[in-house]
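First comes the structure, then the notes that go with it.
The values are calculated or read from the model by the stated rules, or taken from the named source; none is laboratory data. No experiment lies behind these values; they were computed from the predicted model shown. Note: ideal-geometry Cβ built from the backbone for every residue, glycine included; neighbour counts use all protein chains shown. The area values use the complete protein model at the heavy-atom level, side chains included, leaving out ligands, DNA and RNA. Shrake-Rupley method; radii C 1.70, N 1.55, O 1.52, S 1.80 Å.
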Amino acid sequence: MVLFRKRTNLLITSALLGLISLPSMGVLGIANLATAQEADTNTPTPKTPDIKPSELTPAYPASAPPSRVDPLPDERDIQERTVETDYRVSNLLGDFAGNLWVGSWRGLSRIDPKTGKILARVSLPNVAIGALAQDKVGRLWVGTYEGLMRVEPRTNEITAQNLFLPSKRVLSLLTDKRGYVWVGTDSGLALISPDQGLIMTTVKNLPGVSANTLTLDADGQLWVGTLDGVVRINTASALVMKRINDLPGTTVQALAISPEGLIWAGMPNNLLVINPKTGIVLRSVARLRGKNVTAVRFANDGSVWVGTNNGLLRLNPNTGAVLDEVAGLPSSRVLSLVPDVASKLWIGTSEGLAWLMPKMDKAQPHLAFSRAVK
């Protein structure tokens with residue numbers, strides 16, 4: 001009896017110290033018992049079914065979780081789907097000195113259009129440029145998605161800012177014949193004093209709300225392309241003079257006035273020619289039906305350049321016939337056009353800047369504004 005207690009104490013002590021595995025003893029005891037039963041009864045031992053490791057209940061170690069690795073998987077997926085750099089050239093402007101200003105989503109640059117050399121880069125607090133204009137004394141106005149700025153071209157410095165517009169998202173800019181600057185936003189239209197940079201007035205209850213695009217007619221009055229057609233504004237009183245709506249497609253995102261005074265209105269599904277006096281649609285350009293027209297500009301030779309989401313065309317303005325289809329663009333999505341700057345047509349696309357000269361069979365990309373050169 002004493003010997004049994006000593007052995008029991010020894011086993012308990014050994015188990016506590018980790019010297020003997022009690023589960024092993026249990027398994028051994030059960031195995032010996034099964035052997036004894038088999039010897040006594042001579043009954044066959046039932047076979048244990050094969051158990052796959054994947055069917056066992058997993059046992060996780062009681063350890064700390066791994067350290068966090070940034071970015072998290074959901075954020076990583078967004079980063080992988082985001083383009084590293086946005087090369088869109090949303091605005092182009094030929095200035096009085098013969099330079100070309102390039103408003104891209106990487107910033108504002110001034111280039112020599114004869115050589116393509118970059119003359120200056122302007123540091124802006126926001127590089128999402130929505131519009132460009134030049135006032136009567138040569139100062140540059142830059143509309144971004146965070147407000148309006150005035151830039152002095154001689155120093156390339158910002159000399160005025162206005163953030164108190166109907167909306168900070170500037171979509172269009174234009175200097176009228178008196179020298180005042182009109183600012184179109186996605187929430188209305190404002191008139192700015194070019195010297196002070198302050199708002200002189202806003203157009204109350206602009207029909208169509210968003211001033212997507214601006215142009216001047218021969219009388220010096222302002223035409224505004226909106227979400228609901230086109231509106232004529234008296235530049236002296238800032239009052240609505242005429243409204244042309246019920247157009248097929250309603251939204252007007254590109255405007256140009258032909259030498260004959262007709263309105264060419266680019267829409268997400270059409271290109272219309274409108275009589276400004278009667279408001280009647282004279283023609284829907286057949287080749288552009290169903291096309292997203294993003295830019296319309298008349299050249300000195302009388303032809304009209306039309307940029308779309310799927311290519312660039314030159315049309316006969318009298319018949320609407322296609323004279324040229326331009327190949328070699330960095331992207332088929334055309335965002336901006338400036339003809340006749342250093343005898344070239346300049347084209348801003350969603351993937352960079354290109355230029356075209358007469359008798360060239362295709363456009364040439366400007367490598368400084370291309371994804372090919374970073």
Self-check item: Test: residue in region 205-225 that is out of contact with any strand residue (DSSP E or B) (no Cβ under 8 Å at 6 or more places or on another chain), under 26 Å from L337 (Cα atoms) and crowded, with 17+ Cβ neighbours inside 10 Å
Solution: no
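Kindly provide the set of residues from region 165-175 that are assigned to a loop (DSSP other than H, G, I, E, B) and open to solvent by less than 60 Å² (accessible area, probe 1.4 Å), ordered by number.
Our first condition is that a residue be assigned to a loop (DSSP other than H, G, I, E, B); within region 165-175, this holds for 165-169.
Once the filter is applied, which keeps residues that are assigned to a loop (DSSP other than H, G, I, E, B) and open to solvent by less than 60 Å² (accessible area, probe 1.4 Å), region 165-175 yields L165, P166, S167.
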Practice problem: Report the residue count in region 290-307 for those that are under 25 Å from the mean Cα position of the chain (by Cα) and within 22 Å of I244 (Cβ to Cβ). | Solution: 9
Quiz item: So T201 clears everything in (1) closer than 29 Å to R283 by Cα; (2) open to solvent by 20 Å² or more (accessible area, probe 1.4 Å) except one condition, right? Which one?
Solution: (1)
Self-check item: Residue selected from region 318-347 under the condition within 16 Å of the chain's Cα centre (by Cα) and under 27 Å from E260 (Cα atoms), by the criterion surrounded by the most Cβ atoms within 10 Å (Cβ to Cβ)
Solution: V334
Quiz item: When you scan region 217-247, how many residues do you find that are under 17 Å from T202 (Cα atoms) and touching a Ser or Thr at 6+ places or on another chain (Cβ under 7 Å)?
Solution: 6
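Pick out the one residue from T235, T251 that is under 20 Å from L171 (Cα atoms), open to solvent by less than 20 Å² (accessible area, probe 1.4 Å), in a loop (DSSP other than H, G, I, E, B) and not small (G, A, S). It would help to see each step written out before you state the result.
On the way: T251 fails: open to solvent by less than 20 Å² (accessible area, probe 1.4 Å).
None of the others qualify; the one that does is T235.
Could you say whether any residue in region 87-101 is modelled with pLDDT under 55 and farther than 20 Å from V127 by Cα? Steps first, please.
In the first step, residues of region 87-101 are kept if they are modelled with pLDDT under 55; the result is none.
Within region 87-101 (the criterion being modelled with pLDDT under 55 and farther than 20 Å from V127 by Cα), the answer is no, since none of the residues qualifies.
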Quiz item: How many residues does region 135-164 contain that are surrounded by fewer than 14 Cβ atoms within 10 Å (Cβ to Cβ) and either part of a loop (DSSP other than H, G, I, E, B) or β-branched (V, I, T) (or both)?
Solution: 7
Practice problem: Keeping to region 89-134, report how many residues are more than 18 Å from V338 (Cα to Cα), assigned to a loop (DSSP other than H, G, I, E, B) and of a type in the set (V, I, T). | Solution: 1
Quiz item: Before we move on, is G188 open to solvent by less than 20 Å² (accessible area, probe 1.4 Å), within 26 Å of the chain's Cα centre (by Cα), more than 26 Å from D86 (Cα to Cα) and not hydroxyl-bearing (S, T, Y)?
Solution: yes
Quiz prompt | Failed criterion for R178 (all others in (1) buried (at least 17 other Cβ atoms within 10 Å of the Cβ); (2) over 23 Å from the mean Cα position of the chain (by Cα); (3) under 24 Å from L262 (Cα atoms) hold) | solution = (1)
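Restricting the search to region 273-317, which residues are among the basic types (K, R), in a strand (DSSP E or B) and surrounded by fewer than 17 Cβ atoms within 10 Å (Cβ to Cβ)? Talk me through it step by step, then tell me what you get.
Kept after step one, since they are among the basic types (K, R), are these residues of region 273-317: 277, 283, 287, 289, 291, 297, 314.
Among the residues that remain, those that are also in a strand (DSSP E or B) are: 283, 297, 314.
Correct list: R283 only.
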